[in-house]
Each structure stands twice: as structure tokens, then as C-alpha cells.
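Here's the structure we're looking at; comments come further down.
The values are calculated or read from the model by the stated rules, or taken from the named source; none is laboratory data. Keep in mind that this is a model prediction, so the values were computed, not measured. Because the Cβ atoms are built from the backbone with ideal geometry, glycine has one as well, and the counts that use them run over all protein chains shown. Accessible surface is based on the protein model in full, side chains and every heavy atom, while ligands, DNA and RNA are left aside. Shrake-Rupley method; radii C 1.70, N 1.55, O 1.52, S 1.80 Å.
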Amino acid sequence: MDYKIIPSICSYCGCGCGVLFQVFDGKLVGTLPMKTHLVNEGKLCIKGWNLHEHVVSDKRLKSPMLKKDGNLQETTWDEAIQTTADKLKAIIQKHGPDSVGVLASAKVTNEENYLAQKFTRAAIGTNNVDHCARL
Amino acid sequence: MEEQMKEWPEPFSTTGGKTSMLVTMQEQVKEWLDQDKVDLFLGYKMVQKHPLPHCFTKDNLDEVDELIAGQARYSLEKIATKIAAERPEIKIGLLARDCNQRALNVLYVWNQLNPDNLETINVNCCPSKLKEHGDCSYLEPEQVGSFKKMIGIDNIIEVKAAEEFSQEDRFNRWMYEFQKCLKCYGCRNICPVCFCEECSLEHTDLIATGSIPPEVPIFHLVRAVHMGGRCIDCGLCEDTCPVDIPLRLLYRKVNETVEDVFGYVTGTNADQSPFNLLGDEVTLKIKPI
Ligand code: SF4
Ligand code: SF4
């Protein structure tokens with residue numbers, strides 16, 4: 001029998017509430033609010049309370065999906081990235097860089113968000129970059 | 001994040017060193033684990049500067065040196081209930097404050113835990129402050145602001161004082177409180193004595209889905225009714241409620257009625273509850289009022 005409490009941060013929104021994962025024999029079975037965390041002081045919203053459910057959900061995507069012959073199919077990261085790059089290039093060539101927009105995330109680091117805007121402005125060539133906190 | 005953290009003094013230590021009480025507690029736990037009196041011990045340990053619930057086992061006896069009483073209060077008995085549901089034969093040791101002990105009594109009554117498989121080490125009730133206020137019913141509660149006092153309900157008000165509001169005033173005040181509800185289910189999720197497989201609060205005929213606040217006042221009153229003979233006034237629900245609804249006041253009121261009618265004081269012992277429908281004996285005895 002192995003029971004563990006693992007502190008973590010909620011992955012849903014940008015608030016970053018402190019959570020505790022309850023792990024029973026290697027299986028994630030529950031989420032608790034962290035009482036001493038300064039962001040949430042022991043409180044959570046309904047999404048946070050149910051974090052463990054989406055982690056272990058069988059509906060969760062575990063690899064990138066690519067639409068082939070009208071159906072979404074599992075694929076490798078290499079193929080997914082290559083396809084996205086090819087399509088982006090084709091769109092930019094045909095409709096210009098302003099036809100592309102990039103939405104960054106509250107749940108990645110500042111540095112990753114910086115990279116996202118750099119990529120949008122320098123590689124794609126548009127100012128169409130925004131963030132999920134404003135959606 | 002680290003520099004933001006407050007220092008949490010260990011309740012048993014004023015100097016930062018280990019007090020003899022803490023050492024005694026750790027030795028006791030080591031002995032229990034070593035001699036297989038318990039298979040695991042639920043207590044607290046500092047992890048990333050936070051006092052977190054922790055499960056100590058025989059495989060890692062040295063770790064017991066890090067056992068603390070913890071300044072934050074979690075429902076260790078709820079964790080025990082979860083473990084027992086999966087592995088009923090396991091012997092569980094538990095660090096118990098007064099509220100944990102009361103909850104254990106209720107869990108024994110309702111056959112969620114077997115007292116023969118449980119050992120407790122009793123510690124003082126919330127010996128230090130988690131926040132500026134105590135979460136426990138025995139400690140000084142949080143002060144509420146003047147707006148809430150004026151149109152809502154002060155969380156620390158006594159049942160008697162709350163009953164002095166006129167009917168209409170009382171109704172409006174409660175509705176003000178209830179309509180803040182986010183339907184997070186935190187009050188139910190954290191409650192040590194909420195263990196039903198199917199919860200009425202998730203029953204779509206009773207509580208419609210798709211909007212917040214949930215149906216008021218049904219949502220809160222359903223929960224309140226179910227807390228009669230169950231709630232041990234630990235305060236965890238109110239503490240986890242993101243919108244500070246004075247939930248305990250409701251549950252205190254229903255338990256007052258339970259006491260008046262059945263002479264049953266919830267959580268004080270592991271005697272049969274008047275509401276228990278199992279067994280040969282009729283336990284529902286009404287007291288003459
Ligand atoms: S005070 Fe709240 S959390 Fe504690 S037993 Fe009562 S209803 Fe449950
Ligand atoms: S904890 Fe508060 S906000 Fe959440 S469901 Fe309970 S009463 Fe509503």
C-alpha cells in the first residue's frame with residue numbers, strides 16, 4: 001500500500017492555485033486544495049477540485065492528432081510540427097502574414113510566452129498575438 | 001515563490017528545536033510502525049516549506065523524524081476513510097486533533113472506519129494559527145467586514161443571535177449569502193463526514209445543472225438537512241468556501257434540533273446515531289420535549 005500527497009499547481013487558469021494530489025498505489029485518485037498556499041488559502045473552484053479527473057480521463061489526448069482523409073488520427077510530434085509549419089508557410093505565402101494569429105497561454109512560463117510573441121512577430125511577421133487571459 | 005512564504009512555527013516548538021513532546025510523538029509512531037501495530041501513520045511533514053499531510057510507513061522509518069503536528073489542518077480521517085475503503089484490513093495510525101477525533105466517532109458510527117483498525121495520537125487543537133484567524137470552532141474566527149454584517153450574515157454569529165433577525169430580514173440575509181455560491185462542491189468534498197456514494201447535490205432532478213448560483217436555497221438546505229447528526233463542527237467547509245458562506249451556522253442549527261429532539265450530541269462518542277437504520281435495534285428514540 002502506497003499513499004502519497006504530491007503538491008502541485010492547478011493547470012487550468014492563470015491564477016495558479018496550490019493543490020495536493022492524492023496518489024494511491026501509483027494512481028491519481030483525488031485533489032485537495034493546499035491550505036497554506038498564498039494564492040488560494042485552501043480554496044478551489046470546481047475545476048481545481050476535479051483536476052485528477054482530467055489527468056486520468058480516457059478521453060485525454062496523449063499524442064498529437066492530424067486530420068487525414070477527413071478523420072483525426074494519432075501522429076508523431078515530428079509529423080505534427082512539420083505539417084503545421086508547411087501549412088503556415090502556405091497560408092502566409094497565399095494570404096500574407098496578417099492572416100495568421102497566435103494565442104499564447106497563461107499556463108506556460110514567461111519565457112515561453114516571450115518566445116511565442118517573438119515567433120509571431122519575427123518568424124511569421126504579424127502583430128496578431130494575444131493571450132488566453134484576454135480571451 | 002519561496003520568499004513569499006510566511007514562517008510557520010512548529011506548534012510544539014518555541015525555539016525552533018525539537019521539543020520533548022514532538023520527540024515522544026515521533027518515537028511512539030516509530031514504535032507502532034516497527035512493531036506492526038499500525039501499517040501506516042497519517043501525520044504531517046514539511047514539504048517545500050508547506051506543512052502537508054503525509055503517510056509514514058515502516059519502509060521509511062527514518063522519515064518519522066520529520067513528523068510534525070502541522071499548523072494547517074487537513075482531514076486526515078477522510079484520507080483514512082479512502083484508504084480503508086480500498087484496503088479494509090489495513091491498520092491506520094492517525095494524528096488527531098479534537099475535530100479529527102469527533103469526525104472519527106461519526107465515521108465509526110456510520111461504519112466508514114473500523115475502530116479496531118485505528119490508533120490515534122492526540123494533539124492539541126490547532127495549537128498555532130494558520131492565518132490571522134483560527135479555522136477551528138475552538139479558536140478565534142475570522143472577522144467579517146461591515147458590509148457583510150449589514151446585509152449578509154456574520155460568520156461568527158451565534159444561532160440564537162441569528163434567530164433574532166425578523167423572518168424577512170433573515171430570509172434576505174441568507175439569500176444574499178447563498179447567491180454567492182460558486183457550486184464548487186468544496187464544502188462537500190472537504191467534509192470529513194461526507195462519504196455517500198451518490199450525493200443528492202449532484203442529483204439533476206433536485207439541483208439543475210448549467211448555471212450558478214446553484215438552486216438557492218435548495219442546494220444549501222439539502223446539505224444542511226443531511227448534516228443533522230453528522231456535522232462535527234470542524235469548520236473545514238467554511239474554511240474552503242471561496243465566498244465565505246456561513247455554512248456552519250446552518251449545520252449548528254440542525255444539530256441543535258437533533259440534540260433537542262433525540263438528546264444526541266454528534267461526534268462526542270461512537271454510540272449509535274438516532275438516524276441509523278441498520279441493525280435489529282430501533283435507535284430512533286424521541287426525547288420528551
Ligand atoms: S463543519 Fe462543515 S466540514 Fe466540518 S463536519 Fe460540519 S459540514 Fe462537514
Ligand atoms: S464551498 Fe461555498 S461556494 Fe462552494 S459549493 Fe459550498 S457553499 Fe457553494
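Some observations on this one:
- As an equivalent ellipsoid, the stretch A:19-86 spans semi-axes of 35, 15, 11 angstrom, where each value is the square root of five times an eigenvalue of the C-alpha gyration tensor, largest first.
- Partner chain coverage, peptide A:25-37 - average Cβ within 10 angstrom: 5
- The phi torsions of the stretch B:50-61, fed into the Karplus equation with coefficients 6.51, -1.76 and 1.60 and a -60° offset, translate into couplings of 10, x, 10, x, 8, 9, 8, 9, 5, 4, 9, 4 Hz, rounded to whole numbers, with Gly and Pro shown as x.
- Gyration tensor verdict on the stretch A:96-135 (Cα atoms; rounded if a/c is under 1.5, prolate if a/b is larger than b/c, oblate otherwise): oblate
- With kT/(6 pi eta Rh) evaluated at 20 °C and eta = 1.002 mPa s, and Rh the Kirkwood radius from Cα pairs, chain A diffuses with a coefficient of 120 µm²/s according to Stokes-Einstein.
- Segments B:221-227, A:125-131 sorted - mean Cβ within 10 Å per residue, highest first: B:221-227, A:125-131
- Take each peptide in A:110-120, B:90-100, B:21-31, A:38-48, count the other Cβ atoms within 10 Å of every residue, and average; sorted highest first, the result is B:90-100, A:38-48, B:21-31, A:110-120.
- Accessible area buried at the B-A interface, both sides summed, 1.4 Å probe (Å², nearest 100): 2500 Å²
- Semi-axis lengths, largest first, of the ellipsoid equivalent to the protein assembly as shown are 44, 29, 23 Å, with √(5λ) applied to each eigenvalue of the Cα gyration tensor.
- Isotropic mean projected area of the C-alpha convex hull, the stretch B:12-99 (nm²): 6.1 nm²
- Average other protein chain Cβ within 10 Å of Cβ, residues B:68-80: 2
- Gyration tensor (alpha-carbon) shape descriptor, the stretch B:146-262, a/c threshold 1.5: oblate
- The label-point distance for residue A:69 and residue B:259, in a model that sets each label 7 Å from Cα toward Cβ, rounds to 7.2 nm.
- Residue pairs exceeding 27 angstrom between C-alpha atoms, taken from A:4/A:43; A:62/B:82; A:27/A:67; A:47/B:149: A:62/B:82; A:27/A:67; A:47/B:149.
- A Förster distance of 22 Å, applied to the separation of the beta-carbon atoms of residue B:209 and residue A:55, puts the FRET efficiency at 0.45.
- Zone residues, the stretch B:213-239, relative to residue B:163, backbone N less than 18 Å from point 7 Å out along Cα-to-Cβ: B:225, B:228-229
- Heavy atoms of the protein chains alone define the surface here; on that basis the protein assembly as shown has 55 Å² accessible area per residue at 1.4 Å probe size.
- Averaging the sequence gap over all C-alpha pairs within less than 8 Å and six or more residues apart, then dividing by the number of residues, gives the stretch A:96-135 a relative contact order of 55 percent.
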